[in-house]
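The values are calculated or read from the model by the stated rules, or taken from the named source; none is laboratory data. All figures in this text were calculated on a predicted structure; none of them were measured in a lab. Here the Cβ positions follow ideal geometry from the backbone for every residue, glycine too, while neighbour counts run over all protein chains shown. What goes into the accessible areas is simple: the full protein's heavy atoms, side chains included, and nothing from ligands, DNA or RNA. Shrake-Rupley method; radii C 1.70, N 1.55, O 1.52, S 1.80 Å.
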Amino acid sequence: MDTAHTPQLVVALDFPAVQPTLEVARQLQNIVPWCKVGMELFTLAGPAILNELAGMGFKIFLDLKFYDIPNTVARAVQAAGLAGVHMLTLHCQGGERMCRAAVEAAASLSSPPMLFGVTVLTSFAVGEMPGIQAEPGAFALMLARSAAQWNLDGVVCSGHEAAAIKKISPSLRCLCPGIRPTGSNNNDQRRVMTPAAAVRAGADFLVTGRPITAADDPQEAALRITKEISLTAQSTLKE
Ligand code: C5P
């Protein structure tokens, strides 16, 4: 890992309304570099929320998991890029033509967003993926290999898969949700990792929501996590 790739923290702003989103965002300005806007917030607040958050200095991760015909996804990628989005998600299961169309659309922009492929949703258990017999972990690795071939910038994966993905493709970035500092509530997450463990596993972006947004002091919670990330990254560099 080189210093240019010091892992970065992404706070998931999963709120059912704009006001609490902005209240917490204000507390995290200049502490957390990235914020994630997902389906819930984007659907209720629209693109205006992206401008508000970017105006506060956040880099924007738009997590809408695009999955459609290549032309539609390419246009959505362009629209997101023009709206100032720095990173977005699309489903690897949309296939090669869809993913390559997205890559081409991003490359046509003056500020291309990074594209992250969703491999297998972590909510799938064995046998639950319609029409797919493969075990979810093996299927996710196969899709990560494809994501690298199709020139996506990275994949969304659990911290538990990051090391195996880095072995397949060291330059493919890993964005890992389910980050839980030691002692915090796992909520509905099952395959969690501490910030330090995720950094050691090779995560490039660590996504965490409730351990920050539901904390009594979100600012203090975020500072503690960013410190854990940077200390672990430094010690990993020295190894
Ligand atoms: O609050 P919490 O830290 O669990 O939030 C994690 C965020 O990461 C949520 O926005 C969730 O939708 C997202 N996510 C996830 N697991 C995935 C993909 C995304 O938890 N596999």
Cross-link reach from Lys167 to aspartates and glutamates, straight Cα distance under 15 Å and at least 8 residues apart if same chain, gives Asp204
Dipole check, the range 8-238, charges on Cβ (K,R +1; D,E -1), about Cα centroid: among Val24, His86, Ser146 the Cα furthest to the positive pole belongs to Ser146
Residue-normalised 222 nm signal for the chain, counting each DSSP H run of n ≥ 4 as -39,500 (n - 2.57), nearest 500 deg cm²/dmol, is -13500 deg cm²/dmol
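Hey, with R₀ at 22 Å, roughly what FRET efficiency would Ala83 and Asn186 work out to, going by the Cβ-Cβ distance, to 0.05?
Details: r = 33 Å, r/R0 = 1.52.
So the FRET efficiency works out to roughly 0.10.
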Reduced to Cα centres, the span from the range 54-112 to the range 183-226 in Å works out to 26
Heavy-atom accessible area per residue of the range 8-238, all protein chains kept, 1.4 Å probe, expressed in Å², is 47
Measuring from its Cα centre, the range 82-239 shows a charge dipole (+1 at each Lys and Arg Cβ, -1 at each Asp and Glu Cβ) which, in debye to the nearest 20, is 300
Spelling it out for Leu64: with amide H atoms placed in the peptide plane at 1.01 Å from N, the residues 5 or more places away or on another chain with amide H under 5 Å from its amide H are Thr89
Toy charge model, Lys and Arg Cβ at +1, Asp and Glu Cβ at -1: the range 131-190 dipole around Cα centroid in debye, rounded to 20, equals 160
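Over the range 2-41, what percent of the accessible surface lies on carbon and sulfur atoms, probe 1.4 Å? Present the calculation step by step, with values, prior to reporting the outcome.
Numbers: 960 of 1830 Å².
Whole-percent figure for carbon plus sulfur exposure: 52.
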Per-residue accessible area, 1.4 Å probe, largest first, puts Arg200, Arg180 in the order Arg200, Arg180
In whole Hz, the Karplus estimates of ³J(HN,Hα) for the range 122-132 (6.51, -1.76, 1.60; θ = phi - 60°; x where Gly or Pro) are 5, 7, 6, 9, 3, x, 8, 6, x, x, 10
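Taking all protein chains in place and a 1.4 Å probe, what share, in percent, of the accessible surface of the range 130-212 do carbon and sulfur account for? Walk me through the intermediate numbers first.
Numbers: 1870 of 3650 Å².
Carbon plus sulfur share of accessible area: 51 percent.
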Taking only C-alpha positions in the chain, Rg and Dmax in angstrom work out to 17.1, 46
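Could you order Lys36, Lys227 by accessible surface area, starting with the largest, using a probe radius of 1.4 Å?
Lys227, Lys36
If you filter the range 73-150 for GluC sites (Glu not before Pro), then keep DSSP loop positions with at most 15 other Cβ within 10 Å, what is left? Intermediate values should be presented prior to the final figure.
Working: sites: Glu96, Glu104, Glu128; in loops: Glu128.
Those satisfying the criteria are Glu128.
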Spelling it out for Ala12: with amide H atoms placed in the peptide plane at 1.01 Å from N, the residues 5 or more places away or on another chain with amide H under 5 Å from its amide H are Lys36, Thr208, Gly209
Long-range amide H partners of Thr194, meaning residues 5 or more apart or on another chain whose placed amide H is closer than 5 Å, are Arg180
From highest to lowest solvent-accessible area (probe 1.4 Å; ligands, DNA and RNA excluded), His91, His160 read His160, His91
Probe 1.4 Å, all chains present, heavy atoms only: Asp217 accessible area in Å², nearest 10, is 70
